[in-house]
Amino acid sequence: MALAWRSDFPAAAAVACALALASATPAGAGLLMSQQEALDWAFPEAEHVESRSFVLTDDQVQRVEALSRTKLETKLVRLFTALRGDQVLGYAFIDQHIVRTLPEAFLVVLTADGSVERLRVLAFYEPPEYMPPERWLHQFEGKDGAAPLRLQRDVHGIAGSTLSSQAVTGGVRRALALHQILVRQGG
């Protein structure tokens, strides 16, 4: 089922961001899935997905960074909320960051109660051998904000891809912290 996508973020701005990212990456780099494809994959039962943009305050940034034990690269955050009627089916955040020297983006899908349902790499511009495998991403499923998610303790690393492991682990912790601050605490 194709989703009706409502957003307070102008479509032209989203297209401009995608084009800027694509033009700044080397040949052979990969956009694996568009935002709309990712939301369709994440929420197949949803009637629509609302998108809301937040510009975090300095206080919110400090709280997110303290909860996630990782830095935010931007104060601009988009929260996707999947709905069927008035029922919230889940939430999603797209985490974008630099792995070594090139960008990666992945979707963190959360259940309605805020635990990780699944992850999906959307774009990966480092060499393909450093990309986190889907099987590795499954270890985050069911984790919530109370999970420490420490690499090499609670989260298995990826042999030869330490920076990718660190980037994804930090991104999941950021998504869980953002859910805590923006959804559970209402900002």
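Summary of values
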item: Loop GluC sites (Glu not before Pro), the stretch 61-131, which have at most 15 other Cβ atoms in a 10 Å radius of their Cβ (DSSP); result: GLU73
item: The stretch 29-75 versus the stretch 160-180: alpha-carbon centroid distance in Å; result: 12 Å
item: Longest to shortest principal axis, alpha-carbon extents of the stretch 4-184, angstrom; result: 45, 38, 34
item: Under-5 Å amide H pairs with HIS97, H placed in peptide plane, nonlocal only; result: GLU104
item: Note, ³J(HN,Hα) from phi for the stretch 166-179, Karplus 6.51, -1.76, 1.60, rounded to Hz, x at Gly and Pro; result: 5, 5, 5, 4, x, x, 5, 4, 4, 4, 5, 5, 4, 4
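None of the figures in this text is laboratory data; all of them are computed from the coordinates on show. This structure is a prediction, so every number in the text was calculated from the model and none was measured. Methodologically, a virtual Cβ is constructed for each residue, glycine included, from the backbone with ideal geometry; neighbour enumeration extends over all protein chains shown.
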